[in-house]
Structure formats: structure tokens, C-alpha cells
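I have placed the structure first, in the form of C-alpha cells, so that the comments after it can refer back to it.
The values are calculated or read from the model by the stated rules, or taken from the named source; none is laboratory data. Since we're looking at a predicted model, the values are computed, not measured. Counting neighbours? That spans all protein chains shown, and the Cβs are built from the backbone with ideal geometry, glycine included.
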Amino acid sequence: MRIRDLHPNIKIRLVTDFFITLTQMAIFPFMAIYFSSHLGAALAGILLMANVIVSILAGLLSGYLSDHLGRKKIIVIAEVIQVASLLVMTLANSPLLTSVWLTYIMFLFSNVSSSIIGPVVNAMIVDVSTEKERTFIYGIGYWLGNISIAAGAALGGLLFEEHRFILFGLFLLVSVASLIIMIFFIEESLHIPSSGKSSPKLNFSQNYGKVLQDRRFMLFTLATILVMSLEFQLDKYIAVRLKDEFHASLFNFEITGIRMFSIIMLINTIVIVLLTLQVSKWLSQFDKKKVLTIGIVVYTLSFSILSMSNSFLIIVIMAFLFTLGELIYSPVKQTVLAGIIDDQSRASYMAVDSLSYNVAMLLGSLGLTLGAIVPPNGMAVLYLCLGLAGMLCYRAAIKQTGTTNKQADVSI
């Protein structure tokens, strides 16, 4: 499998997503600090929660509209919103004007745009790819995404505090270029059947009612929530526990809990950059159900041990193993998802799948609170239960795909 053999839409999105993610990660992770410093932590928290809620609703609406109106039209509209919001946001942080509230409103619109684009692009990838190509595609996307996240976070850390105008301007230029590419080079991928063969059009509530009644998909969504909730423990409970409990010395160099957490993140980034493509290519020859199971088991056990170990060597090994487990299961999970969703409602399914990450993030926050009263070995058992329950739900969802013609492509 080679990148040049992929559909032009996919090649374009891989490139544009890399630069968009890079610029977003140079800005968005620091906005909570920005709003807290100007408006206070309490108000900033409320505003950011409102931002998440509006973004969720926007994603659901975009999924519904995309399945009825087409992919390209919705993407272009969202890109126009993105360019307009970033233009105003850049002006609101320029030498000519400084406005926190204008920045927040445009930040809200920018997030809405990203939430609209996400499910539609995911559906478009499924539209123009085969089941055999998807593990490779998602592996490449995962690799590029993590590189752009790391590079963007580093860029933001250097420039955000004193050079926001430059960062917002950079994001604006990238978004303008992306809009032009979407208009002139992206092809429409949704081919709506003639009226004589098309299914009856459902309204918004009926559309998502149908998705929620899809038992295998909801099992898959529950599995995603359970497994992804472990990832959101890393920068919450595990980071806090290391800060409070971990201390080591290596060659007379003091390693605090915070430094240990930074080492974990560094290992994670290095392993992803060096091994993603090789692991993805190697695993493509094996049965996907077994690959998914092995990946989640490795991932879960590593997090369980990270939640209670204070040994430098063990933590380093677990950091490598949980990243390896993620490399194994993540692209396969996306491939399986593409195979079990309804062809007529792909963007709607992808919009609901996106919600699972918000729920998992909430569980990550709850884990931090629970960790205040539950000892580390108790948290380790909890993580083990979450991961293994997620693995069983994935297997149950996959098992139910063997009875239809469409799902024969993913009889794994």
C-alpha cells in the first residue's frame, strides 16, 4: 500500500489536517489559561463548558446535514466560518485591538467549525476508501496527527504568551489555504441514489434515534468510551499521583513526579513517530479481531501498572508498552468502525462516535476525583476493569457483523 495509490480526497485531507492540527495545537490548549487570567477561573470554566456543549450540538447537526446534502458543501461552509472567525480573532489580538470577549466568541465559532468538519471528513474517508486501505490510512493519519500535536504544542509554548497575533495570523493563513483547496480540489464523495431507490428522509431526531438503536454500534461506542477513558487518566490522576508520590535520582539528577510525567510524554511521542508506520504495515497481515484484543490488553495492563508504580524503570517500560498498545489497536479500531456503520448515515454515525471522546474525557476528570479517596492499587483494579470491559464490548460488536453482506468485509 502506497500513499500515491489513495484517493485524491484522502491525500489532500492528510496534508491539510497536518497543518491545521499543528496550528490549532499551538493555540487551543492555551486558551483556558488565557481566559482564566483575564476572566477568572470560575467564569472561564463555565465558558469553556458552554463551548464544548455547543460544539457537540454542531457536530451532531453536521453529521445529519452531510448525510442529506453532501460532504463537500458542509466542509466548505465550515471552512468559511473558520476563516471568518480566525480573521476577527486575529484582529482582536493585534496591536490595533485587544478584546477578550471578542476572542471568546470567535473561539467558539472556530470550535464549532472544527466540530462540523470532523464527522464529515471521517465519513468522506470511508466513502472513498476500501476496507483493505483503511488500516493504512488511519495509521498514516495517526502518525501525522501526533507529530503535528507535538510540534504545535511546542510552538504554542514558545509563542502564545507574547506573540498570539502571530499564531492567530498563522492559523488564519492555513485556514485560507485549506478553504481554497476544499473549493477547487476536493471531490464530492456522497453519491445519493435516484429518488426511486433512496430511503425515506428522516428528520433530525429520527435520524439519531436510528443510530442509537443500532446495538452493535452502541456497543462499539461504549467500548470506545471505556478504553479511551484510560488515556484521559494520564494527564489527570496519574500525573497528580506522580507529582505527589514519585521521586527518583538518576546519575545524580533529581527526577520529580512532574519530570517523570514529562519523560512519559516524551517516550510516547518518540515511539509514535518512530514506530507507527512500521507497526501498522506489519499488523495489516494479521486477523484484526486478535490484533485489537492484544492491543487493548497491553494498553490496559500498562495503565494499571502506571497507576500504582513508583519505580523509574517500570514506569519507563509501561510508557513504552501503553504507547505500543495504542499503536496496535487504534488504527484497527477505526477500520472496524468504518465497517459497521450504515452506509446511508455515515456522517451521523461519525458524529455520535465523536461524542464518545467527550464522555471519555469526563470520565477522566471523574477519575481524578475518585483517586482522592481510592488507593493506587484500587485505581489499578478499576483501570483493569475498564479496559477489559471495553475489549469485551469491542469483540461483541465485531461478532455481530458477521451476518450481513456489508459486514462480511470486516468479518474479523
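With respect to SER148, is the statement that it is outside the structural domain of GLY295 (by TED's automatic domain parsing) and surrounded by 19 or more Cβ atoms within 10 Å (Cβ to Cβ) true? The answer is yes for SER148.
Out of ALA248, ALA223, ALA239, which single residue is closer than 28 Å to GLN344 by Cβ and in contact with a helix residue (DSSP H, G or I) (Cβ under 8 Å, 6 or more places away or on another chain)? If you could, list the steps in order and put the result at the bottom.
Details: ALA248 fails: closer than 28 Å to GLN344 by Cβ; ALA239 fails: closer than 28 Å to GLN344 by Cβ.
Just one listed residue meets the conditions, ALA223.
Can we say TYR349 is hydroxyl-bearing (Ser, Thr, Tyr), at pLDDT below 85 and under 15 Å from LEU222 (Cβ atoms)? The answer is no for TYR349. When each of LEU362, LEU266 is tested for being in a helix (DSSP H, G or I), closer than 30 Å to GLY209 by Cβ and free of Cβ contacts under 8 Å to residues at least 60 places away in the same chain, the lone residue that passes is LEU362. Taking region 6-15, which residues are touching a residue at least 40 places away in the same chain (Cβ under 8 Å) and over 17 Å from SER115 (Cβ atoms)? Once the filter is applied, which keeps residues that are touching a residue at least 40 places away in the same chain (Cβ under 8 Å) and over 17 Å from SER115 (Cβ atoms), region 6-15 yields LEU6, HIS7, PRO8, ASN9, ILE10, ILE12, LEU14. I'm checking my understanding of the structure. Among residues of region 119-140 that are small (Gly, Ala, Ser) and surrounded by 23 or more Cβ atoms within 10 Å (Cβ to Cβ), which one is nearest to LEU14 (Cα to Cα)? Ranking the candidates gives GLY139 first. Scan region 278-297 for residues that are at pLDDT below 80 and touching a helix residue (DSSP H, G or I) at 6+ places or on another chain (Cβ under 6 Å) and the total you get is 4.
At least 3 residues being among the hydroxyl-bearing types (Ser, Thr, Tyr) is the threshold, and among the helices (runs of 4 or more DSSP H) wholly inside region 94-186 those reaching it are 100-127, 131-159. Of the candidates PHE204, PHE171, the single residue that is at pLDDT 90 or above and on the phi < 0 side of the Ramachandran plot is PHE171.
If you take the residues of region 65-93 that are polar (S, T, N, Q) and part of a helix (DSSP H, G or I), which of them is farthest from ASN358 (Cα to Cα)? Out of the qualifying residues, it is THR90. Taking the listed residues ALA58, ALA26, ALA42, the one that is among the aliphatic types (A, V, I, L, M) and exposed (fewer than 15 other Cβ atoms within 10 Å of the Cβ) is ALA42, with no other qualifying. Pairing residues of region 218-245 that are among the charged types (D, E, K, R) with residues that are surrounded by fewer than 18 Cβ atoms within 10 Å (Cβ to Cβ) and not in a helix (DSSP H, G or I), at Cβ distances under 8 Å and at least 6 apart in sequence or on separate chains, gives LYS243/THR256; GLU245/ASN310. Filtering SER284, SER354, SER280 for residues that are surrounded by fewer than 21 Cβ atoms within 10 Å (Cβ to Cβ) and touching a Gly at 6+ places or on another chain (Cβ under 6 Å) leaves a single hit, SER354. Can you confirm whether region 310-330 contains a residue that is at pLDDT 90 or above and not in a helix (DSSP H, G or I)? Yes, there is a match, as at least one residue in region 310-330 is at pLDDT 90 or above and not in a helix (DSSP H, G or I).
Out of all the residues in region 161-171, is one or more farther than 30 Å from LEU96 by Cα and of a type in the set (Asp, Glu)? No, there is no match, as no residue in region 161-171 is farther than 30 Å from LEU96 by Cα and of a type in the set (Asp, Glu).
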